[in-house]
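S.K.: Sharing a structure below in structure tokens format, with a few things to ask.
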Amino acid sequence: MGVRAVNVFILVVLVLMYAGIIAVQDKKAWISLGAGLVLVIGGATSASHAISSLINWNILLIYLGSLVLAELFIYSRVPAFLAERIVERSPSVGVAVAIILLLTGLVSAFVENVATVLLVAPVMIELARRTKKNLAPLMIGLAVMANLQGTATLIGDPPSMIFADFAHYSFNDFFFRAGRPSIFFAIQLASIVGALYFFFYFRSMEGDGRSLPAERIVSWVPAGLLGLMIAGLAGLSALSAGGGIHSASGIFVVSLAGVGLGWLGWVRKERAEARNMVRHLDWGTLAFLVGIFVVVGTVSESGLLDGLGIALAKWTGGSAALGFSLIIAFSVLVSGFVDNVPYIAAMLPVAAKFAATMGGRPELFMFGLLIGSCIGGNLTPFGASANIVAVSLSEKNGAKVNVWSWLKIAGPFTILTTVAAGLFVWFVWR
């Protein structure tokens, strides 16, 4: 096939993959893997190139290891213990809820979002029971704060990992890059704004919520392993001479996960628990990412989306402010209804080309894309996996959640946090 025919073939596969993921969400791993296989069979890329260059095994190992450490952290009960102590020491239940949500977000910057929701949900359920308040708003707050902070670090969420792979960002670069505060601080500002929003929302919440039953810490070992992971990734980033993620990062994180599982199985003598933990890891997302790496890597190498970046520069009339605002707004709307992993993977080359055409910093537009696509998942109850879990837990405990009740709480939160993070990025990186 000629270059034009190959590009048309790649574009058709990309569009069909998106359509399939939107239509059949629970089969997205098979769809992305199938799309990657079709590209290999069709000659758009080779199997050897896909395995050796397009699939980022380092990122996959980091994700796998961090999933295990997150499960161990849940097992330890440390965050639930801290949340209950916060409730006991707060002047009011409303203040306690705002602080817990802020803590939840911070945990979610280093622990997978769904795991964070499952971790803190029992505290919220008991708090609603004691105060005789509707559980739904508490669970909605829990989900959206967890989603928000997933953007803050390399290990927070798959979109951050895909961004790091594309932009050659190390773990430390999420905090400071080129002498400037990076995306982590933009998200912290948004998190503070979000916590203040929930403080005013829950400020009248009163009752006997401050006498929660004592939570027993199982062990501090998982917390220590999580701390070692963060410190180790930071140290490896400092040693990464060429920028980006150090090649040993994945092996390091998986090794820590292995130590944790060994501790659980042989020191704690809970081998059944360790096996169950491994069996129920999010293997589907790992497979999904493999397919996404192949498809989007092939699209990126073809230069197929460069024209879209150039066209975007023309449509905005060369206005960086308009382009930045459009990228964020469009990303929020799309990610409220579509999985943000394939979206951000496909749009990163567009944002980079747009920046090159405009002569601006690529971070400005790539950060805008990251903010919009990750925070946008908060817009609807099905915009992110954490939302679906939160709704399910809420309804199991008798508190119904529909689209309107979700949007009434999460809509203003999404707008406020997106604007806060966007303004930070604009003034620091323009």
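The values are calculated or read from the model by the stated rules, or taken from the named source; none is laboratory data. In this text, all values refer to a predicted model and were calculated from it rather than measured experimentally. We place every Cβ from the backbone using ideal geometry, glycine too, and count neighbours over all the protein chains shown. What goes into the accessible areas is simple: the full protein's heavy atoms, side chains included, and nothing from ligands, DNA or RNA. Shrake-Rupley method; radii C 1.70, N 1.55, O 1.52, S 1.80 Å.
S.K.: So residue 376 fits all but one of (1) under 23 Å from residue 320 (Cα atoms); (2) modelled with pLDDT of 85 or more; (3) open to solvent by 40 Å² or more (accessible area, probe 1.4 Å); what number is the exception?
M.R.: All conditions are met except number (3).
S.K.: Which fully enclosed helices (runs of 4 or more DSSP H) of segment 266-342 have 3 or more residues being at pLDDT 85 or above and over 26 Å from residue 417 (Cα atoms)?
M.R.: Qualifying helices (runs of 4 or more DSSP H): 271-279, 283-302.
Results for (1) part of a loop (DSSP other than H, G, I, E, B); (2) open to solvent by less than 10 Å² (accessible area, probe 1.4 Å); (3) modelled with pLDDT of 85 or more, shown as yes or no for each residue.
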| position | (1), (2), (3) |
| --- | --- |
| 115 | no, yes, no |
| 122 | no, no, no |
| 127 | no, yes, no |
| 141 | no, yes, yes |
| 152 | yes, yes, yes |
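S.K.: For the list (1) part of a helix (DSSP H, G or I); (2) β-branched (Val, Ile, Thr); (3) open to solvent by less than 10 Å² (accessible area, probe 1.4 Å), I need the number of the one condition that residue 111 fails.
M.R.: (1)
S.K.: Right, something else. Within segment 69-89, track down each residue that is touching a residue at least 60 places away in the same chain (Cβ under 8 Å) and open to solvent by 10 Å² or more (accessible area, probe 1.4 Å).
M.R.: Of everything in segment 69-89, those that are touching a residue at least 60 places away in the same chain (Cβ under 8 Å) and open to solvent by 10 Å² or more (accessible area, probe 1.4 Å) turn out to be 71, 73, 75, 77, 81, 84, 88.
S.K.: Within segment 406-419, track down each residue that is under 18 Å from the mean Cα position of the chain (by Cα) and either more than 17 Å from residue 383 (Cβ to Cβ) or open to solvent by less than 10 Å² (accessible area, probe 1.4 Å) (or both).
M.R.: Result: 410, 413, 414, 417.
S.K.: Also, quick follow-up: Within segment 18-66, count every residue that is touching a Pro at 6+ places or on another chain (Cβ under 7 Å) and β-branched (Val, Ile, Thr).
M.R.: Total satisfying the criteria: 1.
S.K.: Could you check, for segment 171-179, whether at least one of its residues is surrounded by fewer than 24 Cβ atoms within 10 Å (Cβ to Cβ), over 30 Å from residue 257 (Cβ atoms) and over 15 Å from the mean Cα position of the chain (by Cα)?
M.R.: The answer is yes, given that some residue of segment 171-179 is surrounded by fewer than 24 Cβ atoms within 10 Å (Cβ to Cβ), over 30 Å from residue 257 (Cβ atoms) and over 15 Å from the mean Cα position of the chain (by Cα).
S.K.: If you don't mind, there's one more thing I want to ask. For segment 170-184, enumerate the residues that are in contact with a Ser or Thr (Cβ under 8 Å, 6 or more places away or on another chain) and in a loop (DSSP other than H, G, I, E, B).
M.R.: 170, 171, 175
S.K.: I would also like to ask the following. Taking residue 230, is it open to solvent by 60 Å² or more (accessible area, probe 1.4 Å), assigned to a helix (DSSP H, G or I) and either at pLDDT below 90 or among the aromatic types (Phe, Trp, Tyr) (or both)?
M.R.: Answer is no for this residue.
S.K.: Return yes when residue 105 is open to solvent by less than 10 Å² (accessible area, probe 1.4 Å), under 19 Å from residue 397 (Cα atoms) and not aliphatic (A, V, I, L, M) and no when it is not.
M.R.: no
S.K.: Starting from segment 255-271, take each residue that is without any contact (Cβ under 8 Å) to a residue 12 or more places away in the chain and list its partners that are of a type in the set (Asp, Glu), counting only C-beta distances under 9 angstrom and pairs at least six apart or across chains.
M.R.: 265/273
S.K.: If residue 251 satisfies all but one of (1) open to solvent by 40 Å² or more (accessible area, probe 1.4 Å); (2) closer than 21 Å to residue 169 by Cβ; (3) at pLDDT below 90, what's the number of the condition it fails?
M.R.: It is condition (3) that residue 251 fails.
S.K.: Kindly evaluate residue 52 against the criterion of being within 12 Å of residue 297 (Cβ to Cβ) and of a type in the set (S, T, N, Q).
M.R.: yes
S.K.: Name the single residue that is least open to solvent (accessible area, probe 1.4 Å) among those in segment 6-20 being without any contact (Cβ under 8 Å) to a residue 60 or more places away in the chain and closer than 19 Å to residue 46 by Cα. Write out each step before concluding.
M.R.: From segment 6-20, those without any contact (Cβ under 8 Å) to a residue 60 or more places away in the chain are 8-9, 12, 15-16, 19-20; that's our starting set.
Restricting the remaining residues to those that are closer than 19 Å to residue 46 by Cα gives 8-9, 12.
On the way: 8: 82, 9: 54, 12: 74 Å².
Step by step, filter segment 6-20, then rank; the result is 9.
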